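Chemist: Can you keep this structure in mind? I'll have questions shortly.
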């Protein structure tokens with residue numbers, strides 16, 4: 001999986017709201033999404049649907065992991081099978 005990670009100052013930012021906004025963004029761009037929350041860490045997966053995509057790269061999806069920390073928010077984004 002190709003991935004990138006960044007940390008952001010998170011004073012007053014809810015990881016759940018960030019995850020919901022991320023999921024809504026992907027849906028507005030035509031992606032099928034699913035999200036989950038486990039112990040405060042949020043995971044959003046997004047996959048573009050379509051016949052041609054299913055034939056060429058149907059098993060590829062974005063995965064975004066939003067993990068809270070003390071006064072920070074770690075966001076990891078990757079593309080994988």
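Read-outs: derived from the displayed coordinates by stated rules, not from any lab. Just so it is clear, the model here is predicted, and its values are computed rather than measured. Every residue, glycine as well, gets a Cβ built from its backbone with ideal geometry; the counts of neighbours run over all protein chains shown.
Chemist: Determine the calculated [θ] at 222 nm for the chain from helices alone, applying -39500 (n - 2.57) to every DSSP H run no shorter than 4 residues and normalising by the residue count; nearest 500 deg cm²/dmol.
Modeler: -7500 deg cm²/dmol
Chemist: While we're here: Relative contact order of the chain, please, whole-number percent, based on alpha carbon pairs below 8 angstrom and at least 6 residues apart.
Modeler: With pairs under 8 Å counted, the relative contact order is 38 percent.
Chemist: Build a GNM of the chain with springs between Cα atoms under 10 Å: which of 20, 37, 71 gets the top mean-square fluctuation?
Modeler: In the Gaussian network model the winner is 71.
Chemist: Once the piece of chain linking residue 72 and residue 41 is laid out straight, how much longer is it, given 0.36 nm per residue of separation minus the C-alpha distance between them?
Modeler: Once the chain is fully extended between residue 72 and residue 41, it gains 9.9 nm.
Chemist: So what are the chain's ellipsoid semi-axes, whole angstrom, largest first, if each one is the square root of 5 times an eigenvalue of the alpha-carbon gyration tensor?
Modeler: Ellipsoid semi-axes (Å, largest first): 26, 13, 9.
Chemist: While we're looking at this one, here's another question. Most exposed first by the Cβ proxy, i.e. fewest other Cβ within 10 Å, how do 66, 13 rank?
Modeler: 13, 66
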